[in-house]
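One structure below.
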Amino acid sequence: MRPTTSPPRPLTGLATMLDADSGTSRSPHAALTGVTIDSRNVRRGDLYVALPGHQAHGAAFAADAMAKGAVAVLTDRAGRGAAVATGLPVLIVPDPRALLGQISSWVYGQPAHDIQILGVTGTSGKSTTTFMIEAGLRAAGHTAGLVGGVEIHAGGVRFQPTLTTPEASELHGLFALMREEGVSAAVMEVSSHALALGRVDGIFYDVALFTNLSQDHLDFHKDFDDYFATKTRLFQPELSRAGVTNIDDRYGRELLDLAKVPMTTFSATGDPEAEWRALDTRLGADGSAFRVVGPGGVEAEARVSLPGPFNVANALGAIVTLVEAGVPLQSAVHGVGTLTGVPGRMQRVTAAGDDFQAIVDYSHKPGAVESVLRSLRSVTTGRLTIVLGCGGDRDKGKRPIMGELAAGLADVAVFTSDNPRSEDPLAILATMMEGALRVPQHDRAHVIIEPDRAAAIGLAIARAGRGDVIVVAGKGHEQGQYVSGEVIPFDDREVVAESIAARKESTESRKH
Ligand SMILES: CC(=O)N[C@H]1[C@@H](OP(=O)(O)OP(=O)(O)OC[C@H]2O[C@@H](n3ccc(=O)[nH]c3=O)[C@H](O)[C@@H]2O)O[C@H](CO)[C@@H](O)[C@@H]1O[C@H](C)C(=O)N[C@@H](C)C(=O)N[C@H](CCC(=O)O)C(=O)O
């Protein structure tokens, strides 16, 4: 699979004549075949949209965009000078980002109108649920598409994304690519950044799903209320036809009062108030079985091949979303049950014969860390070890919470670096330790501080005993570590596999 900062594009954009008069343009008309906000990704025929940013103004790259073949520039007053200097046709508007979705949709020939689109929002479970929904769409005979933080599937084209929800210019290009690939229905993760920044403008969701909400992204949102309010925007008639919500989650229940589209409720704990419920749930180490009961007494036997109660909630949310989108219940249940794994989500790295389990998981938020530890506890016969860190230059409030959860729920907690960015890793770990110390000593995990992530993983694997479960949390499918402005190649799954091999080698050499 191709990792990319420059995603594949549709073969054909809609060549459209743009009337623009910059006063200095060489040509008053330009044929547009694409849109991009990043000069590094410009293709011949693109409209380059120069946006103001945190580091720079996009207009600073307008000349670069022109050299790569951009045929016009859309920007704001601040970007005018540099944009006009290119000699290209220039459009000046007060807020170019506010137009990005509609313009991109128009340039690519409104591809999102030709595809049934389902959206998934919430703090945890978005990626796994989108993979489940995609499997259900396929089971119902759709050529399916998927857009999310782990992978993008546009029919036969698959690649790795840079954002959970792409910018609007990229997103409409993706839907155009999907249309070319014959995709009839697609599911996508909708992040709160996307809703706040208008990345999904010009998209209409047939059904939108809310999974749950817990503390995250407070570096971007003013406070938790702002984070929740942003999520609720998806459930307004401008963006979606219908919604599905998890009423086991406090915010999923509150959403019922805030949504302005018809909502369907579900509960994985069998709450009688929910329209759809999971009953007789049987949790197992490799997955769970449960009975889905819906309105009018409809029911089906469901199976999810991913462990933990949170995957029962993900599966039920996926099934209800599929049914609301017109997929027959039996196809939805069958499709969801066929999913056997999502890269970097509770991904087992140890082999069947190993006497301990090593799992890599993307959990990097308090809610996710808590549910991963609670569900792994139920399948651990030995000690439960977690290796985790907290990102630098991001939501600092979650650091002590993560430290407290790890120290309170695991037997061994190894605190290590996870994208320290510009911060001192030891300073981040010290704040996590403050949280760990809130746990009374007799209940507290054995806490080890090792800022070198590879050494931390190696240490956890070397100490593993029979029946132990080691979860390496935070990175999941990601393949880099952000350190002081650089991305250093790092894949937890590879490092875990290498540590297991090193452990085997040292056991063998001790035998001889
Ligand atoms: C912190 C943040 O949100 N940054 C976003 C922001 O970057 P910025 O303001 O720093 O941009 P900048 O570097 O100043 O550049 C200004 C403009 O010049 C353009 N540029 C820049 C350099 C160049 O050579 N050529 C060029 O054209 C840039 O594309 C940009 O439009 O504007 C960019 C484009 O407008 C975004 O892509 C970028 O998202 C970054 C990559 C990011 O990491 N965002 C994260 C936080 C995010 O969106 N996360 C969510 C949620 C994840 C989840 O919960 O799963 C997501 O949906 O992924």
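The count of lysine pairs in the chain with alpha-carbon distances below 24 Å, taking only pairs 8 or more places apart or on different chains, stands at 22. The equivalent ellipsoid of the range 430-512 has semi-axes of 24, 22, 11 Å, largest first, where each one is the square root of 5 times an eigenvalue of the Cα gyration tensor. Carbon-plus-sulfur accessible fraction, the range 208-366 (probe radius 1.4 Å, protein heavy atoms only): 52%. Residue by residue, the range 118-123 carries 3J(HN,Hα) couplings of 10, x, 10, 10, x, 7 Hz when phi is fed to the Karplus relation 6.51 cos²θ - 1.76 cosθ + 1.60 (θ = phi - 60°); x denotes Gly or Pro. Among residues other than GLN479 with Cβ under 12 Å from its Cβ, the summed charge is -2 (Lys and Arg +1, Asp and Glu -1).
Of all alpha-carbon pairs in the range 211-252, indicate the percentage at a distance above 15 angstrom. Looking at the range 211-252, the distances longer than 15 Å represent 46 percent of pairs. Its DSSP H runs of at least 4 residues, each contributing -39,500 (n - 2.57), put the calculated 222 nm mean residue ellipticity of the chain at -10000 deg cm²/dmol, to the nearest 500.
Shape class of the range 225-279 from the Cα gyration tensor (axes a ≥ b ≥ c, square roots of the eigenvalues): oblate, since a/c reaches 1.5 or more and a/b does not exceed b/c. Relative contact order of the chain: 11 percent, from C-alpha pairs under 8 Å at least 6 residues apart in sequence. Ranking MET433, HIS446, VAL496 by how far each Cα lies toward the positive end of the dipole of the range 347-511 (charges on Cβ) leaves HIS446 at the top.
Hydrodynamic estimate: the Kirkwood radius of the range 347-511 over Cα pairs, inserted into Stokes-Einstein at 37 °C and 0.692 mPa s, corresponds to D of 209 µm²/s. Taking all protein chains together and rolling a 1.4 Å probe, ARG374 ends up with roughly 140 Å² accessible.
Bridge orientation summary for the range 347-511: considering DSSP beta bridges with both residues in this region, about 25 percent are antiparallel. With q set to 0.20 Å⁻¹, the log10 of I(q)/I(0) for the range 355-438, from the Debye formula over equal scatterers at the Cα positions, is -0.85. Per residue, the chain exposes 40 Å² of accessible surface when a 1.4 Å probe is rolled over the protein heavy atoms with every protein chain present. Note on the chain: with charges restricted to the Cβ of Lys and Arg (+1) and Asp and Glu (-1), its dipole about the Cα centre is near 560 debye. Start at zero, step by 10 Å, and the Cα-Cα distances of the range 310-409 spread as 12, 35, 31, 18, 3 percent across the bins. Specify the angular offset, from 0 to 90 degrees and rounded to the nearest 10, of the alpha carbon long axis of helix 126-139 from the longest principal axis of the alpha carbons in the chain. Between the helix axis and the principal axis of the chain, the angle is about 80 degrees.
Projected over every direction and averaged, the convex hull enclosing the alpha-carbon atoms of the range 117-191 yields 4.3 nm².
Percent of Cα pairs in the range 24-158 per distance bin of 5 Å, from zero to the largest separation: 2, 10, 16, 17, 14, 12, 11, 9, 5, 3, 1, 0. Taking amide H as placed 1.01 Å from N in the peptide plane, the amide H of ILE470 sits under 5 Å from that of GLN357, ALA358, ILE359, THR385, each at least 5 places away or on another chain. Annotation: amide H-H contacts under 5 Å for VAL483 (H modelled 1.01 Å from N, sequence separation of 5 or more, or interchain): ARG421, ILE488.
Across the options LEU256, GLY392, GLY69, the greatest Cα extent toward the positive end of the charge dipole of the chain (unit charges at beta carbon of Lys, Arg, Asp, Glu) belongs to GLY69. If you take all other residues with their beta carbon under 11 Å from the beta carbon of GLU273, and give Lys and Arg +1 and Asp and Glu -1, the sum is -1.
Taking only the Cα atoms of the range 239-382, the ratio Rg/Rh comes out at 0.99, with Rh defined as the Kirkwood radius. For the range 321-366, what class follows from the C-alpha gyration tensor (a ≥ b ≥ c being the square roots of its eigenvalues): rounded when a/c is under 1.5, otherwise prolate if a/b is larger than b/c, else oblate? The shape class here is oblate. Summed over all non-identical Cα pairs, the Kirkwood treatment of the chain gives a radius of 24.2 Å.
The Rg/Rh ratio of the range 116-338, with Rg taken over Cα atoms and Rh as the Kirkwood radius over Cα pairs, comes to 0.94.
The values are calculated or read from the model by the stated rules, or taken from the named source; none is laboratory data. On a predicted model such as this, the values are computed, not experimentally measured, just so you know. Cβ: placed from backbone, ideal geometry, glycine included. Neighbour counts: every protein chain shown. All accessible areas refer to the heavy atoms of the entire protein, side chains included, with ligands and DNA or RNA removed. Shrake-Rupley method; radii C 1.70, N 1.55, O 1.52, S 1.80 Å.
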